[in-house]
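Participant: The following block contains the structure, expressed as structure tokens.
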Amino acid sequence: MRLATKILLAFGLLLLTALGAVLFFVNRTAPREMAGALSQIEMMPNNIMARELAAYYSANQSWAGAESVLFFPRPMMMQGKPNQRYLIVDESGTVIVDTAGKLVGNSFSAVPGSSVVSIQAGGQTVGLLVALEDTRPGPEQQLIKAINRVMLWTGITVGLAGLAIALFLSQSLTSPLRRLTDAMQRFARGERSLALPKPSGDEVGDLTRSFQGMMTEIEQQEMLRKEMTADIAHELRTPLSVIRANLDALTDGVYPMTKENLEPIRDSAELLDRLIEDLRTLELADAGKLALEKSAADVERLVRRVAARFTPRAAKHAQRIEIAAGTDLPPVDADLQRLEQILGNLVENALRHTPDGGTVRLAADSEGSAIRIAVEDTGPGIPPDLMDKIFERFYRLDSGRARTEGGSGLGLAIARKLAEAHGGTLTAENRPEGGARFVLKLPT
């Protein structure tokens with residue numbers, strides 16, 4: 001069932017329930033209350049007529065012509081019911097006056113529902129004034145019928161107005177939802193240039209804004225996926241081209257089959273293997289399936305081992321690697337091999353962007369309940385507008401230089417993913433005195 005239909009049915013049911021409840025309680029309580037009030041009012045003209053009849057009898061000492069008292073015109077409040085039937089009964093119990101002319105001369109017998117008022121004259125009861133029950137609808141029934149008619153027409157009018165309002169509200173509510181649904185379906189079919197309705201200030205507007213955010217995120221992810229696919233193809237093409245060119249040369253006899261001529265093929269194969277392993281590591285980290293073999297890791301010892309691994313490479317470019325790590329640092333619960341991979345990527349990146357004769361510094365200290373490991377260099381630093389991009393996959397500040405040294409542009413992306421897998425963070429900043437600083441924080 002459509003939402004607009006549900007709203008219309010809900011409004012209609014609400015109006016019918018309200019009208020039915022009002023009619024039920026009015027018809028249940030109003031007749032009883034009105035009957036009680038009218039009975040008190042109706043007794044007043046009967047008492048007045050009884051006193052007039054007593055005065056007539058006292059003056060005439062007879063009931064002859066007493067019917068004139070009953071038909072004498074009176075003010076509205078002193079009159080009985082319209083067409084009310086009255087009897088005058090003398091002291092012997094004989095009906096001497098009947099406004100209907102049917103019971104004159106007959107003995108009076110009490111009638112259920114009749115009203116009897118005694119007529120007193122000279123301290124004695126000289127007769128009775130009897131108001132017989134009127135079987136026709138009384139004023140209370142007529143009033144209830146009038147009320148019901150008024151309420152019925154009022155209910156019809158209010159119901160139509162309510163349904164019109166419900167129709168307007170349902171259309172105003174469901175119209176943006178229908179447009180949003182249509183946009184979602186077209187987006188699912190691959191359309192990307194969609195004009196969404198302007199978000200309103202209600203829940204539908206929140207849904208529209210959420211969908212807009214989802215569209216933006218999906219488009220960005222698609223763009224990144226396309227860029228990553230192109231980058232992967234480019235990275236694979238370079239070593240494959242080297243392997244193919246050298247194999248062709250060896251096959252055609254251009255190069256002799258020597259160890260030196262096979263060396264480029266082996267290096268390119270290692271580059272391919274490293275690239276594939278990096279991509280696999282990122283995929284596992286993204287999927288949350290990266291297996292970590294954690295143990296208590298000595299941070300100071302780890303820093304020194306990483307520095308020792310890169311010292312020969314730094315010496316080739318007259319670069320120095322300095323260490324500033326305390327000996328009383330608490331151990332961290334981490335996968336030692338993955339932690340060494342993080343620091344290795346950071347140090348390799350620092351050496352790549354540090355000029356000959358420069359310095360790379362590894363510092364480790366405790367900061368609250370975390371261990372802080374910083375890798376600093378004396379290179380040109382990171383442009384502020386590119387600070388957030390350096391952790392993207394395949395991004396390079398100096399793409400040409402990085403490729404000549406075997407970099408794939410995945411090192412920093414892998415380092416951040418591994419840090420997050422350990423429950424830590426990896427951030428980058430520029431040093432005031434120049435150069436970049438990468439800060440790894442791990443919980444103790």
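Participant: Within a 10 angstrom radius of the beta carbon, how do VAL117, VAL22, VAL375 rank from fewest other beta carbons to most?
Facilitator: Numbers: VAL117 18, VAL22 14, VAL375 26.
The most exposed by this proxy come first: VAL22, VAL117, VAL375.
Participant: Quick one: length gained pulling ALA308 to SER68 fully straight, 0.36 nm per residue minus the C-alpha distance? Can you show the working numbers first?
Facilitator: Numbers: separation 240, 0.36 × 240 = 86.40 nm, distance 13.67 nm.
Computed gain between ALA308 and SER68 is 72.7 nm.
Participant: Provide the per-residue ³J(HN,Hα) series for the stretch 116-123, in order, calculated from phi with Karplus coefficients 6.51, -1.76, 1.60 and θ = phi - 60°, each as a whole number of Hz, with x at glycine and proline positions.
Facilitator: Once θ is set to phi - 60°, the couplings for the stretch 116-123 become 10, 10, 6, 9, 9, 9, x, x Hz.
Participant: Shifting gears a bit: Applying the Karplus parametrisation 6.51 cos²θ - 1.76 cosθ + 1.60 with θ = phi - 60° to the phi angles of the stretch 413-426, what ³J(HN,Hα) value in whole Hz is obtained for each residue in order, glycine and proline being reported as x?
Facilitator: After applying 6.51 cos²θ - 1.76 cosθ + 1.60, I find 4, 5, 4, 5, 4, 5, 4, 5, 5, 8, x, x, 9, 9 Hz.
Participant: So which lysines can LYS102 reach, going by Cα to Cα under 25 Å and dropping same-chain residues fewer than 8 places off?
Facilitator: Partners within reach: LYS81.
Participant: Pick out, from MET223, PRO264, ILE276, the residue whose Cα sits farthest towards the positive end of the charge dipole of the stretch 203-286, with +1 on the Cβ of Lys and Arg and -1 on the Cβ of Asp and Glu.
Facilitator: The residue sitting most towards the positive pole is PRO264.
Participant: Moving on. Could you run the Karplus curve 6.51 cos²θ - 1.76 cosθ + 1.60 with θ = phi - 60° over the stretch 218-229 and give me ³J(HN,Hα) per residue in whole Hz, x for Gly and Pro?
Facilitator: Values, residue by residue: 5, 4, 5, 5, 5, 5, 5, 5, 5, 5, 5, 4 Hz.
Participant: While we're here: Where the centre of each part is set by its Cα atoms, how far does the stretch 173-233 sit from the stretch 294-312, in angstrom?
Facilitator: For the stretch 173-233 versus the stretch 294-312, the Cα centre distance is 47 Å.
Participant: Measure off 7 Å from each Cα along the Cα-to-Cβ vector at GLN185 and MET151, then give the distance between these two points in nanometres to one decimal.
Facilitator: The modelled label-to-label distance comes out at 4.7 nm.
Participant: Could you pull out every one of the lysines with an alpha carbon less than 19 Å from that of LYS441, ignoring same-chain neighbours closer than 8 positions?
Facilitator: Within the straight-line limit of under 19 Å, LYS441 reaches these lysines: LYS294, LYS417.
Participant: Would you order ILE414, ILE243, ILE276 from fewest to most other beta-carbon atoms within 10 Å of each residue's own beta-carbon? Write down the numbers at each step before the final one.
Facilitator: Details: ILE414 22, ILE243 18, ILE276 12.
Starting with the residue having the fewest Cβ neighbours, the order is ILE276, ILE243, ILE414.
Participant: What relative contact order, as a whole-number percentage, does the stretch 203-286 give when Cα pairs under 8 Å and 6 or more residues apart are counted?
Facilitator: Taking the mean separation of contacting Cα pairs over the length of the stretch 203-286, I get 25 percent.
Participant: Name all residues of the stretch 337-363 having a backbone nitrogen under 18 Å from the label point set 7 Å from the Cα of LEU386 along its Cα→Cβ direction, giving them as ranges.
Facilitator: Backbone N within reach: 346-356.
Participant: OK, next. Taking a virtual spin label 7 Å from the Cα of ARG431 along the C-beta vector, which residues in the stretch 319-348 bring their backbone nitrogen under 13 Å of it?
Facilitator: Hits in the stretch 319-348 for ARG431 at 13 Å: 320-324.
Participant: So for the pair ALA195, THR17, with labels modelled 7 Å out along Cα→Cβ, what separation do we get in nm?
Facilitator: 4.2
Participant: For each of PHE168, PHE11, count neighbouring Cβ atoms within 10 Å of the residue's Cβ, then give the residues from fewest to most.
Facilitator: Working: PHE168 10, PHE11 19.
Ranking PHE168, PHE11 by Cβ neighbours within 10 Å, fewest first, gives PHE168, PHE11.
Participant: Under 29 Å Cα-Cα from LYS316, which lysines qualify once same-chain neighbours fewer than 8 residues away are excluded?
Facilitator: Leaving aside lysines fewer than 8 places away in the same chain, those within reach of LYS316 are LYS259.
Participant: Shifting gears a bit: Using a basic spin-label model with each label point 7 Å from the Cα along Cα→Cβ, how many nm lie between VAL158 and ILE276?
Facilitator: 7.9
Laboratory data are not the source of any read-out in this text; all were calculated from the coordinates shown. The model shown is predicted, which means the values in this text are computed figures rather than measured ones. Quick reminder, even Gly has a Cβ in these numbers, built from the backbone with ideal geometry, and neighbours come from all protein chains shown.
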